[in-house]
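*Asks:* Below: one structure in structure tokens.
The values are calculated or read from the model by the stated rules, or taken from the named source; none is laboratory data. What you see is a predicted model, and the numbers here were worked out from it, not measured in a lab. FYI the Cβ positions are ideal-geometry reconstructions off the backbone, even for glycines, and counts take in every protein chain you see.
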Amino acid sequence: MTEREPIHRAGFVTFIGRPNVGKSTLTNALVGEKIAITSSKPQTTRRAIRGIARRPGGQIVIVDTPGIHRPRTLLGERLNDVAHTTLSDVDIIGLCLPANEKLGPGDRYINAELEKYPQAKRIAIVTKCETVSRVKLAEALLAVSELREWDDVIPVSAAEGENLDALADLLIAHLPESPALYDEEQNTDESVETRVAELIREAVLEGVDDELPHSVAVVIDEMGRRKGTTLTDVYASIILERDSQKAIIIGRGGSRLTAIGTRARAAIEPLLGTRVFLKLHVTVRKDWQRSSKELDRLGF
């Protein structure tokens, strides 16, 4: 009798939830590398970003998507389309609900949206469990369990690394039998240029008000190794919608733009493995979020 090959499982998972519940942080923690930028600002994620997490016997392809929201612009409508398309294709949907906040209308709205995707297993992930006592965590788990009949419910702390292995094992157990979908050394299918642009946008978002982040886009104009050196040159444009925003991003005497460049460079250098010369240009494309032509140019 021949010995049966060990079962290998692989498939697609996405995490959904209100802004700032820890979806991108959880993605990065499971992958073991920064794949998705993080921010407390809503709608930080603007494209379907795939990160690959590996465990013995399985490969989890985590698709970090824009959050489901009520759109105010054409960009918002397109981001919703990306989210809904992703949710229609994945094997597992993990609804992230923070342990330190009571369930609200936004959570219930997203939970109701799950009915549109019957093909997927549904898992409730109670995030930020390090921020509450055991009693409060138990209360949060009970409240989440009463939302619907879940395939599984699990508490995690991405910040502390708590229960991440248990979550990975649980996800793999719900995935279909399949060979690996990505090469062993691949952690994402995002291009390096796209990841650099996102790291610059993350640096821009730090410390700005709640309205400005929606108006920020970043494009890499040119990037490459400088001849005869170990230095990488990166020329990028920060795109805004109004002249008043340009003044905010540049700051008095260019102080804020300098700080953005310093933060971005510190994040880009480990990704590229070289020193980086970063030149940022700030430009205005009026109301680009509402322009089909501009959105097409920017890849949305």
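*Asks:* List the number of the failed condition for Ala264; all other conditions in (1) farther than 20 Å from Glu190 by Cβ; (2) touching a helix residue (DSSP H, G or I) at 6+ places or on another chain (Cβ under 6 Å) hold.
*Replies:* That leaves (1) as the condition not met.
*Asks:* Could you check, for region 67-74, whether at least one of its residues is crowded, with 20+ Cβ neighbours inside 10 Å and either outside the structural domain of Ala203 (by TED's automatic domain parsing) or in contact (Cβ under 8 Å) with a residue 12 or more places away in the chain (or both)?
*Replies:* yes
*Asks:* In region 224-233, how many residues are exposed (fewer than 13 other Cβ atoms within 10 Å of the Cβ) and touching a Leu at 6+ places or on another chain (Cβ under 8 Å)?
*Replies:* Number of matching residues: 1.
*Asks:* Test of understanding: among Arg275, Arg297, which residue is charged (D, E, K, R) and either in contact with a Pro (Cβ under 9 Å, 6 or more places away or on another chain) or under 21 Å from Val82 (Cβ atoms) (or both)?
*Replies:* That would be Arg297, the only listed residue that is charged (D, E, K, R) and either in contact with a Pro (Cβ under 9 Å, 6 or more places away or on another chain) or under 21 Å from Val82 (Cβ atoms) (or both).
*Asks:* Which residues, taken from region 85-107, are part of a helix (DSSP H, G or I) and either under 25 Å from Ala159 (Cα atoms) or touching an Asp or Glu at 6+ places or on another chain (Cβ under 7 Å) (or both)?
*Replies:* Of everything in region 85-107, those that are part of a helix (DSSP H, G or I) and either under 25 Å from Ala159 (Cα atoms) or touching an Asp or Glu at 6+ places or on another chain (Cβ under 7 Å) (or both) turn out to be Gly106, Asp107.
*Asks:* Moving to a separate point now. Among the listed residues Ala53, Ala99, Ala83, identify the single one that is crowded, with 20+ Cβ neighbours inside 10 Å, under 30 Å from Lys286 (Cβ atoms), not polar (S, T, N, Q) and not assigned by TED's automatic domain parsing to the domain that holds Arg263.
*Replies:* Ala83
*Asks:* Another one. Exactly one condition in (1) free of Cβ contacts under 8 Å to residues at least 40 places away in the same chain; (2) within 27 Å of Arg9 (Cα to Cα); (3) under 21 Å from the mean Cα position of the chain (by Cα) is not met by Asp183; state its number.
*Replies:* In the conditions (1) free of Cβ contacts under 8 Å to residues at least 40 places away in the same chain; (2) within 27 Å of Arg9 (Cα to Cα); (3) under 21 Å from the mean Cα position of the chain (by Cα), Asp183 misses (3) alone.
*Asks:* Of everything in region 251-262, what is within 26 Å of the chain's Cα centre (by Cα) and either surrounded by 18 or more Cβ atoms within 10 Å (Cβ to Cβ) or closer than 18 Å to Ser215 by Cβ (or both)? Give them in sequence order.
*Replies:* Those that are within 26 Å of the chain's Cα centre (by Cα) and either surrounded by 18 or more Cβ atoms within 10 Å (Cβ to Cβ) or closer than 18 Å to Ser215 by Cβ (or both): Arg256, Leu257, Ile260, Gly261.
*Asks:* Mind checking which pairs have a first residue in region 237-250 that is in contact (Cβ under 8 Å) with a residue 40 or more places away in the chain and a second that is among the hydroxyl-bearing types (Ser, Thr, Tyr), Cβ under 8 Å, 6 or more apart or different chains?
*Replies:* Every condition considered, the pairs that remain are Ser237/Thr283; Ile238/Thr283; Ile239/Thr283; Leu240/Ser215; Leu240/Thr283; Glu241/Ser215; Arg242/Ser215.
*Asks:* When you go through Ala247, Ala236, Ala203, Ala267 one by one, which is the residue that is of a type outside the set (S, T, N, Q), surrounded by fewer than 15 Cβ atoms within 10 Å (Cβ to Cβ) and in the same structural domain as Lys286 (by TED's automatic domain parsing)?
*Replies:* Going through Ala247, Ala236, Ala203, Ala267 in turn, just one is of a type outside the set (S, T, N, Q), surrounded by fewer than 15 Cβ atoms within 10 Å (Cβ to Cβ) and in the same structural domain as Lys286 (by TED's automatic domain parsing): Ala247.
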